[in-house]
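Chemist: One structure follows; several queries about it will come next.
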Amino acid sequence: MNIPVRKFLCADALIASIHEQFQKIPDPRNLPKTAPISFTDVLMSGLAVFGLKFPSLLKYDEHRDVLDGNLSSLYHITRPPSDTYLRERLDELNPSFIRPAFKKLFSELQRGKCLEEFEFLEGHYLLAIDGTGEFSSSKVCCEQCCKKEHKDGSVTYYHQMLGACIVHPDKSNVIPLCPEIIQNGDGSEKNDCERNAAKRFIEHFKKEHPHLKVIAVADGIASNAPYIRLLEINKMKYMFGAKPGDHKFLFDFANASEETKNYEILDAKGIFHQFRYINDVALNKSNPDVRVNFLEYMQTDAKGKETLFSWVTNIWINQGNVFALMKGGRARWKIENETFNTLKNLGYNFEHNYGHGKKYLSTILCLLMLLAFLIDQIQGIACSLFAAVKKRAGSYRGIWGKYESFMPILSRSLLGMALSNDVQTYAFQYILT
């Protein structure tokens, strides 16, 4: 079965783009280009671990010789390093050098006019933001680890990241951006935090995507005065969750005000939608200058089950946009369900510890995993062949199972030579036959 493929958005082209970016990264050891294993080979091997869904670096090492030809064809690797050497070399790289690869793939998606499909409201895109853990241990640590001291005297060392994705309420795929790492550095004794990471993320985002209009959507942790001021200063739209227990002043004001408006609608599926909103109110008593628009929504399904949501936003609310705003606010869950949960449960092994290292290893591996995830998401958006394979396999996990079973066939030298340019494309075509 031959299905047309958009060449510059298929896996082979996207991996080639990353390879081009990785060639620009300086070797932390300043080894000569004539070294047996180049640092580009090290980086691309790390990407291959997650692109080929190896559950551990040990499994990668066991298959390294068998897959040698395919690592060369698909990942442009001249000589793949052992798992030990891979850890040692990646541990030395500052994570900031990986960031341009995310920007490059995002640009390719824009070039293919695929980003336009995610436009949500008046030229804006939904940018879902949330923090998650990437490493935790009571024994292993490094200088970058944050630490939590417990009452019993024990200490937990951890790394976190602030993830961000372009999402859309009606689409299952997401477009992850380069996350902001939450970790200590330079001998700092005070833990880094999500709020500081948000400041860094917005700075990077505005620099890399100065003309991209977004609506930041996040949970109730973000609906505080400093975070909202940060978004306002950077002229960004937002829609943050707001819980009654955290915003008593706001809810009391909305309950008492004659300016609060109500809107109700019963849809064709028997779902009853109730909206309550008020514009231009103070976030809380302590910050009367922080003005927000407040939206509360209750959904009652055909069986009588009620679900309640509420948000604050700087988008002016009216009866014409209230339904769209509700869908946008609820789309925040996509960074949990379609991103973090997919990474944890559908073949990427996000919660598995591939290695911590002494400097940056844990973070570098996390970024390479997200790059592999971004490649797969772009294919899901732009590649009809990938979509057909997913439909046949039933899930992402099914894709990787079928792909893994196909790899021994690709390892034959004659076939490897024939597939020098479009290895994964051929593999997917084969799976569909």
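Chemist: Pull the list of the chain cysteines that no other Cys approaches to under 4.7 Å, Cβ to Cβ.
Modeler: Among the cysteines of the chain, those whose Cβ sits 4.7 Å or more from every other are CYS10, CYS114, CYS142, CYS146, CYS165, CYS178, CYS193, CYS366, CYS383.
Chemist: Could I get the Rg over Rh figure for the stretch 226-274? Both from C-alpha atoms, Rh via Kirkwood, rounded to two places.
Modeler: Details: Rg = 15.5 Å, Rh = 13.9 Å.
Checking Rg against Rh, the ratio lands at 1.11.
Chemist: Any idea what angle helix 423-432 forms with the longest principal axis of the chain, computed on alpha-carbon atoms, 0 to 90 degrees, nearest 10?
Modeler: Compared with the principal axis, the helix lies near 70 degrees.
Chemist: As a quick test, which of the pairs LYS24/LYS358; LYS59/LYS171; LYS207/LYS237 have an alpha carbon distance above 22 angstrom in this structure? Intermediate results must be reported in sequence, preceding the final value.
Modeler: On the way: LYS24/LYS358 24 Å; LYS59/LYS171 34 Å; LYS207/LYS237 17 Å.
Over 22 Å Cα-Cα: LYS24/LYS358; LYS59/LYS171.
Chemist: Identify all aspartates and glutamates with a Cα-Cα distance to LYS213 below 15 Å; exclude those on the same chain that are fewer than 8 residues away in sequence.
Modeler: List returned: GLU116, GLU117, GLU119, GLU122, GLU203, GLU232.
Chemist: With runs of 4+ DSSP H residues as the only contributors, calculate the mean residue ellipticity of the chain at 222 nm using -39,500 (n - 2.57) per run, divided by the residue total and rounded to the nearest 500.
Modeler: Details: 16 runs with 171 residues, N = 433.
Helix-only estimate at 222 nm: -12000 deg cm²/dmol.
Chemist: Note down the net charge around ASN255, summing +1 for each Lys or Arg and -1 for each Asp or Glu among other residues with Cβ under 14 Å from its Cβ.
Modeler: On the way: positive: LYS248, LYS261, ARG276; negative: ASP252, GLU258, GLU259, GLU296.
Within the 14 Å Cβ shell, the charges total -1.
Chemist: Could you go through the stretch 165-176 in sequence order and give the Karplus-derived ³J(HN,Hα) for each residue, using 6.51 cos²θ - 1.76 cosθ + 1.60 with θ = phi - 60°, rounded to whole Hz, and x for Gly and Pro?
Modeler: 9, 7, 10, 8, x, 9, 10, 7, 7, 10, 10, x
Chemist: Once neighbouring chains are kept in place and the probe is 1.4 Å, which whole percent of the accessible area of the stretch 59-146 is contributed by carbon and sulfur? Present the calculation step by step, with values, prior to reporting the outcome.
Modeler: Numbers: 1690 of 3850 Å².
Of the solvent-accessible surface of the stretch 59-146, carbon and sulfur hold 44 percent.
Chemist: Once you compute Rg and the Kirkwood Rh from C-alpha atoms, what is the Rg to Rh ratio for the stretch 158-235? Don't jump to the answer; show the numbers that get you there.
Modeler: Numbers: Rg = 13.7 Å, Rh = 14.0 Å.
Taking Rg over the Kirkwood Rh, I get 0.98.
Chemist: So, one more: Subtracting the Cα-Cα distance from 0.36 nm times the residue separation, let me have the gained length for LYS33 to SER154 in nm, one decimal.
Modeler: 39.0 nm
Chemist: What whole-number value in cubic angstrom gives the convex hull volume per residue for the C-alpha atoms of the stretch 186-343? Before the final figure, lay out each step's value.
Modeler: On the way: hull volume 27.0 nm³, N = 158.
Given the Cα convex hull of the stretch 186-343, per-residue volume reads 171 Å³.
Chemist: Hey, can you find the accessible area per residue of the chain for me, probe 1.4 Å, expressed in square angstrom? Before the final figure, lay out each step's value.
Modeler: Working: 20280 Å² over 433 residues.
Result: 47 Å² of accessible area for each residue.
Chemist: Can you work out the PRE-style zone for ASN318? Point 7 Å along Cα to Cβ, and I want the residues of the stretch 112-148 with backbone N under 14 Å.
Modeler: Residues passing the 14 Å test: 122.
Chemist: Using only the alpha-carbon atoms, how far is helix 361-382 inclined from the longest principal axis of the chain? Give it as 0 to 90 degrees, nearest 10.
Modeler: With rounding to tens, the tilt is 80 degrees.
Chemist: Additional query: Pull up the cross-link candidates among the lysines for LYS359, meaning alpha carbon to alpha carbon under 20 Å and not fewer than 8 places away within one chain.
Modeler: LYS139, LYS147, LYS148, LYS190
Chemist: Relative to the longest principal Cα axis of the chain, at what angle does helix 99-111 sit, 0 to 90 degrees, rounded to 10?
Modeler: So the helix axis and the longest Cα principal axis differ by about 80 degrees.
Chemist: While we're looking at this one, here's another question. For the stretch 22-91 and the stretch 368-382, write down the distance between their C-alpha centroids in whole Å.
Modeler: The stretch 22-91 and the stretch 368-382 have Cα centres separated by 19 Å.
Chemist: Pull up all non-local amide H partners of TYR125: gap of 5 or more, or a different chain, and H-to-H distance under 5 Å with H placed in the peptide plane.
Modeler: HN-HN under 5 Å from TYR125: PHE120, LYS213, VAL214, ILE215.
Chemist: Compute the distance in nm between two label points, each set 7 Å from the Cα along the Cα-to-Cβ direction, one at VAL140 and one at LEU58.
Modeler: 1.3 nm
Chemist: From the backbone phi of the stretch 33-48, what are the Karplus-calculated ³J(HN,Hα) couplings (6.51 cos²θ - 1.76 cosθ + 1.60, θ = phi - 60°) in whole Hz, Gly and Pro given as x?
Modeler: Here the 3J(HN,Hα) series is 5, 7, 4, x, 10, 6, 5, 5, 4, 5, 5, 5, 5, x, 5, 5 Hz.
Chemist: So, one more: Give, in nm to one decimal, the length gained when the segment between ASN337 and ARG291 is fully stretched (0.36 nm per residue of separation minus the Cα-Cα distance). Each step should come with its number before you reach the end.
Modeler: Values: separation 46, 0.36 × 46 = 16.56 nm, distance 3.12 nm.
Full-extension gain reported as 13.4 nm.
Chemist: On the protein heavy atoms, probe 1.4 angstrom, tell me the percent of accessible surface of the stretch 264-386 carried by carbon and sulfur.
Modeler: Values: 2490 of 5040 Å².
Exposed carbon and sulfur together represent 49 percent of the surface.
The values are calculated or read from the model by the stated rules, or taken from the named source; none is laboratory data. The shown structure was predicted, so the numbers you read here are calculated from the model rather than taken from an experiment. Using ideal geometry, Cβ is built from the backbone for each residue, glycine included, and neighbour counts are taken over all protein chains shown. SASA here: full protein model, heavy atoms, side chains in, ligands and nucleic acids out. Shrake-Rupley method; radii C 1.70, N 1.55, O 1.52, S 1.80 Å.
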